[in-house]
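A short worksheet on the structure shown next.
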Amino acid sequence: MTAKESLVNKIVGELEADLNSEQLRKVNMLLVMYLEPFELVKSSTDIVIYDEKSDASAYHQFMVSKKIQGLSEGTLKLYMQTINFFMSKLRKPFKDITTNDIRLFIANREIHDRISKGTLARERGCIVRFFHWLYIEEFIDRDPGARVEKIKVPKRRKQEFSELEVEKLRSAASNAKETLIIELLLSTGCRVSELVSLNFSDYDQENDSIEVIGKGNKQRTLYFNAKAKLALNHYLKEVPHITGPLFYGQTRGKEMTTAGIQKLVKRLGERAGVLNVHPHRFRRTAATLARRHGMPIELVSRFLGHENIETTMAYSMINDDEVKISHQKFVS
């Protein structure tokens with residue numbers, strides 16, 4: 001790593017706590033651009049107060065780089081928890097980590113801790129990507145994760161809500177806010193992190209739509225169907241406002257948290273007698289309903305804010321009975 005690169009990383013690292021991902025990305029880009037014509041030499045008389053090659057610095061710079069990429073707070077937290085847990089088990093410098101160290105960690109997690117294949121695959125992914133970044137950025141001389149085998153995760157069909165379950169959940173709503181959250185999740189197919197960030201200033205009442213910054217720091221438009229629009233109108237009669245969050249948390253004027261939404265829909269499920277109720281299942285249901293009503297898969301992918309259509313295809317949008325009916329219609 002050159003002295004110029006180290007300086008840029010240090011400055012961006014110092015600003016990480018004060019700027020969002022887009023601002024950090026812009027600062028990083030401008031520093032690289034404006035420093036490019038200059039030759040940077042570190043004075044030998046400087047007192048060393050920052051070791052840009054230390055493990056702590058490398059770890060911090062990795063997290064900053066992921067924030068610049070626009071990763072969500074939840075994903076960043078997953079990286080931190082996984083890497084911290086991995087290093088607490090090994091207690092050796094990054095440069096001394098071997099391929100067998102990673103393999104042994106994975107084996108212990110599977111055999112002794114008995115975690116699921118899905119969790120195992122996520123942890124392996126975090127660790128491997130971290131050490132690949134260290135290698136690319138020249139913090140370490142070799143990539144110990146390059147030969148670590150991928151975890152094959154069994155494909156299980158994840159169920160959307162049935163039409164009866166949706167109606168049970170609607171009937172179980174005890175106030176306007178609960179009804180609004182159900183209808184927004186079903187109408188927009190948004191992620192729970194997107195739902196809590198909805199702001200009145202982004203709401204287009206004429207077109208029944210609202211702008212949201214989604215995964216990867218990408219903006220897209222969410223659309224309200226008639227039920228969502230009606231639910232919002234009822235909520236605004238109970239809680240009149242035209243600024244701030246679209247709907248409030250426990251404190252007026254404050255947005256809800258993802259944990260708050262998760263608890264709310266879980267309580268709804270308990271009241272309705274519907275099992276396994278969580279926000280992402282509403283998203284899956286919204287995609288399935290859109291597909292069943294004839295929305296092309298490419299538009300469903302855009303509707304959900306997916307980067308590629310393969311992610312959309314992983315959603316269970318049709319069941320075996322529908323496959324049978326379609327087969328009889330188009331193949332017979």
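The values are calculated or read from the model by the stated rules, or taken from the named source; none is laboratory data. Predicted model only: the values in this text are computed from it and were never measured. Counting neighbours? That spans all protein chains shown, and the Cβs are built from the backbone with ideal geometry, glycine included.
Observations, loosely collected:
- Test: Thr119 is surrounded by fewer than 19 Cβ atoms within 10 Å (Cβ to Cβ), over 30 Å from Asn9 (Cβ atoms) and either within 21 Å of the chain's Cα centre (by Cα) or in contact (Cβ under 8 Å) with a residue 40 or more places away in the chain (or both): yes
- The stretch 206-220, subset loosely packed, with under 15 Cβ neighbours inside 10 Å and out of contact with any Leu (no Cβ under 9 Å at 6 or more places or on another chain), residue nearest to Gly74 (Cα to Cα): Lys218
- Glu183 being within 26 Å of the chain's Cα centre (by Cα), modelled with pLDDT of 95 or more and surrounded by 12 or more Cβ atoms within 10 Å (Cβ to Cβ): yes
- Within the stretch 293-332, helices (runs of 4 or more DSSP H) holding 2 or more residues that are modelled with pLDDT under 85: 309-313, 320-330
- Some residue of the stretch 127-138 being part of a loop (DSSP other than H, G, I, E, B) and either over 30 Å from Lys92 (Cβ atoms) or modelled with pLDDT of 90 or more (or both): yes
- Lone unmet requirement of (1) loosely packed, with under 12 Cβ neighbours inside 10 Å; (2) touching a Leu at 6+ places or on another chain (Cβ under 8 Å); (3) not acidic (Asp, Glu) for Arg114: (2)
- Screening the stretch 64-88 for residues that are free of Cβ contacts under 8 Å to residues at least 40 places away in the same chain and of a type in the set (Ser, Thr, Tyr) and picking the one that is surrounded by the most Cβ atoms within 10 Å (Cβ to Cβ) gives Thr75.
- Test result for Thr243, under 25 Å from the mean Cα position of the chain (by Cα), β-branched (Val, Ile, Thr) and not assigned by TED's automatic domain parsing to the domain that holds Glu22: no
- Selection of the stretch 96-126 for residues being of a type in the set (Asp, Glu) and assigned to a loop (DSSP other than H, G, I, E, B) yields only Asp113.
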